[in-house]
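Participant: Can you read through this structure? Questions will come right after.
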Amino acid sequence: MHGEDLRTRLRSALATTTARLGEAEVPSPSADARALIAHAADTDEPLVLLDELPEDFDERLERATARRERREPLQLILGRAPFRRLVIDVRPGVFIPRPETELALDLLLEHLDEAPAAVIDLCAGSGALGAAVLDELPCSRVLSVEVDPAAAALTAHNLERAGTGRGRVITADLLGEVPELAHLEPVDAVLSNPPYIPPEAIPRDPEVLAHDPHRALFGGGDDGLEVPRAVIGWARHLLRPGGVLVMEHADVQGEEARDAAAAIGGFDLIRTLPDLTGRDRFLVVRRAPGEPTSRSERLTR
Ligand code: GLN
């Protein structure tokens, strides 16, 4: 194709797709249009560098645009989501990793003196947090725990891509007994982006409400903190003295999350930290020294 024709075609595709997505009230129509065009053109390069388009470009773009018009999440259409240095594979039916969760790993490293040898990711979803640990900390091992078997399979896949042989997944419900966890040696760190939305706080975006599994969104109980409380309880049992938990929560849950950690006990540091927009979004707790949890105590919790 002549360079000029190609550029005209791309310009017109961008204008039409942006207008259609705008009409469908997609929040970022122009950015999404560019991403869909790159997807249809089968390229990761900037569009200006393209010198040809695949034969089925128009059909591919039409299919992708129609899906996004129906408010299917962009990440599901592309099959991937950026997370820190990685591109995580995503699949329908599994919670899509969010940019705000990326900060959890920085907060963890700020609270530890050295890179953690053993990290547990509770409520792993697609496995993004654990995969980021494997990618950025080449000496770390990760154990991810996920209740949904389909999500656990995706976690295994993403861990393997990020750090072959250093990641492991177990499928388990943290609200019940988990013998595999009860038997573990204490670890340096626990990361978690659990479900935490309270029952009445129904997400507004159709991308979230119709596509993220509700089990990954709503945390249970009157306050949405049933699963987060279980996460904090497990962290108390799993962390070595001095080990750190970083757990994401909703911006209104800072105090409740600190209270939950204080009630569970065994921590000598309990604090709330903000996300990049200044909202309270992370609970950080450190396991108190001199109070090792015995295996029998862990087994009978
Ligand atoms: N952050 C999610 C959302 O934006 C809520 C649930 C979660 O991350 N664990 O909908």
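Participant: Express as a percent, rounded to the nearest 5, the fraction of DSSP beta bridges in the chain (both residues included) that run antiparallel.
Facilitator: Just about 45 percent of them are antiparallel.
Participant: So for the pair residue 185, residue 23, with labels modelled 7 Å out along Cα→Cβ, what separation do we get in nm?
Facilitator: Between residue 185 and residue 23, the simple spin-label model gives 6.2 nm.
Participant: Go ahead and run the numbers for FRET between residue 115 and residue 85, Cβ-Cβ distance against an R0 of 22 Å, rounding to 0.05.
Facilitator: Here the calculated transfer efficiency is 0.90.
Participant: Picking from 68, 279, 80, which is most flexible by a Gaussian network model of the chain using Cα springs under 10 Å?
Facilitator: Among 68, 279, 80, the largest mean-square fluctuation in the Gaussian network model of the chain belongs to 279.
Participant: Additional query: For the peptides 191-197, 255-261, what is the packing order when you average, over each peptide's residues, the other Cβ atoms within 10 Å and list the highest mean first?
Facilitator: Going by the mean number of other Cβ atoms within 10 Å, highest first, we get 191-197, 255-261.
Participant: What whole number of Å gives the distance from the Cα centroid of region 225-242 to the Cα centroid of region 157-195?
Facilitator: Rounded to whole Å, the Cα centres lie 13 Å apart.
Participant: May I pose another question? Ranked highest first by average number of other Cβ atoms within 10 Å, how do 220-232, 89-101 line up?
Facilitator: Ranking the peptides 220-232, 89-101 by packing returns 220-232, 89-101.
Participant: Return one quarter of the surface area of the convex hull spanned by the alpha-carbon atoms of the chain, equal to its mean projected area, in nm².
Facilitator: If you wrap the Cα atoms of the chain in a convex hull and average its projections, you get 16.5 nm².
Participant: Take each of the peptides 145-151, 160-166, 281-287, average the number of other beta-carbon atoms within 10 Å over its residues, and list them starting from the highest.
Facilitator: 281-287, 145-151, 160-166
Participant: Right, here's the next one. Estimate the FRET efficiency between residue 48 and residue 98 by the formula 1/(1 + (r/R0)^6), using the beta-carbon distance for r and 30 Å for R0, to the nearest 0.05.
Facilitator: 0.50
Participant: Turning to a different aspect of this structure: With each run of n ≥ 4 DSSP H residues scored as -39500 (n - 2.57), what mean residue ellipticity at 222 nm is computed for the chain after dividing by its residue count and rounding to the nearest 500 deg cm²/dmol?
Facilitator: -12000 deg cm²/dmol
Participant: Give, as ranges by residue number, the residues of region 85-112 whose backbone N falls under 20 Å from the point 7 Å along Cα→Cβ of residue 150.
Facilitator: Residues 88-98 fall inside that zone.
Participant: Something else: Using 1/(1 + (r/R0)^6) with R0 = 45 angstrom and r between the beta carbons of residue 288 and residue 4, what's the FRET efficiency to the nearest 0.05?
Facilitator: 0.05
Participant: Which angle between 0 and 90 degrees, to the nearest 10, do you get for helix 149-162 versus the longest principal axis of the chain when only C-alpha atoms count?
Facilitator: 80 degrees
Participant: Right, here's the next one. Stretched out fully, how many nm does the piece from residue 58 to residue 136 gain, at 0.36 nm a residue minus the Cα gap?
Facilitator: Computed gain between residue 58 and residue 136 is 24.2 nm.
Read-outs: derived from the displayed coordinates by stated rules, not from any lab. What you see is a predicted model; the values in this text were computed from it and never measured. So basically every Cβ, Gly included, is an ideal-geometry build from the backbone, and we count neighbours across all protein chains shown.
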